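Structure record follows, encoded as structure tokens.
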Amino acid sequence: MDGNGRWAEQKGKIRVFGHKAGVKTVRQCVNYAAKQGVEALTLFAFSSENWKRPKEEVSTLMELFMMVLNSEVKKLHKNNIKLCILGDVRGFSTTLQDKIAKSEALTAKNTGLVLNIAANYGGRWHIAEAAKELAKKVQQGEMAASDIDESVLDQQIASWPLTDVDLMIRTGGEQRISNFLLWQLAYAELFFTDTLWPDFNEQCFADAIASFSHRERRYGHTSAQVQASKQG
Ligand code: IPE
Ligand code: MG
């Protein structure tokens, strides 16, 4: 979700105005994803590097996070959406941590869209956490170091309700991953748009999905093999 600050600056407003406008887009996209039957939607809300921003911007983002949880979680629950916060939540205030835990608990049994909010999240951090957990298992004699392979690491990383990503959309014109879901993006289709996040809407989301549906996902195979397996 990139481009909030620039969107506000273009309108002669302070950056925070853009973050507030971005919340509306979040609401729209969550509803759209739920309506379309998307299994999981993961939004990169706050990276572990975003703490480096000006203090006032960081504290407004935290307030906004709290406000959104307060105002939206009941609606999410009503719509059968399961909310998960992905990231090192220990970096947040205890009030926010408490709110996060309660919000997750309320929606834990919901069976509709899984809505992951990546907050204080970094892709490298996530992989390192999984490595640490596996190291503990080895230390406790539950497994041998030689048992660790891609699928074991994958299962460990997927202890959060998030597996391989099909489509990654980045708004705001930059064409990079910025330490998002590094492991899960291995075979993702990437979609970059210049549209700034507050201007992104259902139509933009639909365009991204349409682009995705025209891609041929080969996973290392040849195009002929993929076509043959579709026919067979
Ligand atoms: C993304 O918008 C939102 C967050 C990181 C919270 P930015 O704040 O990065 O907006 P730009 O890139 O400065 O326009
Ligand atoms: Mg940005």
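The values are calculated or read from the model by the stated rules, or taken from the named source; none is laboratory data. Quantities reported herein were computed from a predicted structural model and do not represent experimental measurements. When we count neighbours, we look across all protein chains shown, and the Cβ atoms used for this are built from the backbone with ideal geometry, even at glycine. Heads up: the accessible areas ignore ligands, DNA and RNA and are worked out on the full protein's heavy atoms, side chains in. Shrake-Rupley method; radii C 1.70, N 1.55, O 1.52, S 1.80 Å.
Would you confirm, using the coordinates I've provided, whether residue 2 is away from ligand 1 (no atom under 11 Å from the Cβ) and either at pLDDT 95 or above or surrounded by 15 or more Cβ atoms within 10 Å (Cβ to Cβ) (or both)?
For residue 2, the condition - away from ligand 1 (no atom under 11 Å from the Cβ) and either at pLDDT 95 or above or surrounded by 15 or more Cβ atoms within 10 Å (Cβ to Cβ) (or both) - is not met.
Of the residues that sit in the stretch 142-188 and are of a type in the set (Asp, Glu) and out of contact with any strand residue (DSSP E or B) (no Cβ under 9 Å at 6 or more places or on another chain), which one is farthest from residue 203 (Cα to Cα)?
That would be 142.
With the requirement that a residue be among the hydrophobic types (A, V, I, L, M, F, W, C), within 19 Å of residue 50 (Cβ to Cβ) and in a helix (DSSP H, G or I), what does the stretch 156-207 give you?
Within the stretch 156-207, 197 is the sole residue that qualifies.
Filter the stretch 173-195 down to residues that are within 13 Å of residue 121 (Cβ to Cβ) and within 13 Å of ligand 1 (Cβ to nearest atom), then give me how many there are.
Number of matching residues: 3.
Within the stretch 138-178, which residues are open to solvent by less than 70 Å² (accessible area, probe 1.4 Å) and touching a residue at least 40 places away in the same chain (Cβ under 8 Å)?
160, 161, 162, 165, 167, 170, 171, 172, 173, 174, 177, 178, listed by residue number.
Of all residues being open to solvent by 40 Å² or more (accessible area, probe 1.4 Å) and out of contact with any strand residue (DSSP E or B) (no Cβ under 6 Å at 6 or more places or on another chain) in the stretch 36-51, which is nearest to residue 177 (Cα to Cα)? Just the residue, please.
Residue satisfying both the conditions and the ranking: 49.
What number of residues in the stretch 18-51 are among the aromatic types (Phe, Trp, Tyr) and part of a helix (DSSP H, G or I)?
Adding up the residues that qualify gives 2.
Which of the residues that make up the stretch 1-17 are in a loop (DSSP other than H, G, I, E, B) and away from ligand 2 (no atom under 14 Å from the Cβ)?
Within the stretch 1-17, 11, 12, 13, 14 qualify.
Just to be sure before I move on: is residue 23 free of Cβ contacts under 8 Å to residues at least 60 places away in the same chain and either out of contact with any Gly (no Cβ under 6 Å at 6 or more places or on another chain) or within 16 Å of ligand 2 (Cβ to nearest atom) (or both) in the structure I sent?
It is true that residue 23 is free of Cβ contacts under 8 Å to residues at least 60 places away in the same chain and either out of contact with any Gly (no Cβ under 6 Å at 6 or more places or on another chain) or within 16 Å of ligand 2 (Cβ to nearest atom) (or both).
Can you find a residue in the stretch 61-82 that is modelled with pLDDT of 95 or more, within 16 Å of ligand 2 (Cβ to nearest atom), within 17 Å of the chain's Cα centre (by Cα) and not basic (Lys, Arg)?
Checking the stretch 61-82: at least one residue is modelled with pLDDT of 95 or more, within 16 Å of ligand 2 (Cβ to nearest atom), within 17 Å of the chain's Cα centre (by Cα) and not basic (Lys, Arg).
Looking at the stretch 22-34, which of its residues are in contact with an Asp or Glu (Cβ under 9 Å, 6 or more places away or on another chain) and not hydrophobic (A, V, I, L, M, F, W, C)?
25, 27, 28, 31, 32
Can you find a residue that is outside any helix (DSSP H, G or I), on the phi > 0 side of the Ramachandran plot and of a type outside the set (Asp, Glu) anywhere in the stretch 89-99?
Scanning the stretch 89-99 turns up no residue that is outside any helix (DSSP H, G or I), on the phi > 0 side of the Ramachandran plot and of a type outside the set (Asp, Glu).
Being under 17 Å from residue 205 (Cβ atoms) and either aliphatic (A, V, I, L, M) or open to solvent by 80 Å² or more (accessible area, probe 1.4 Å) (or both) is the requirement here; does residue 28 meet it?
No.
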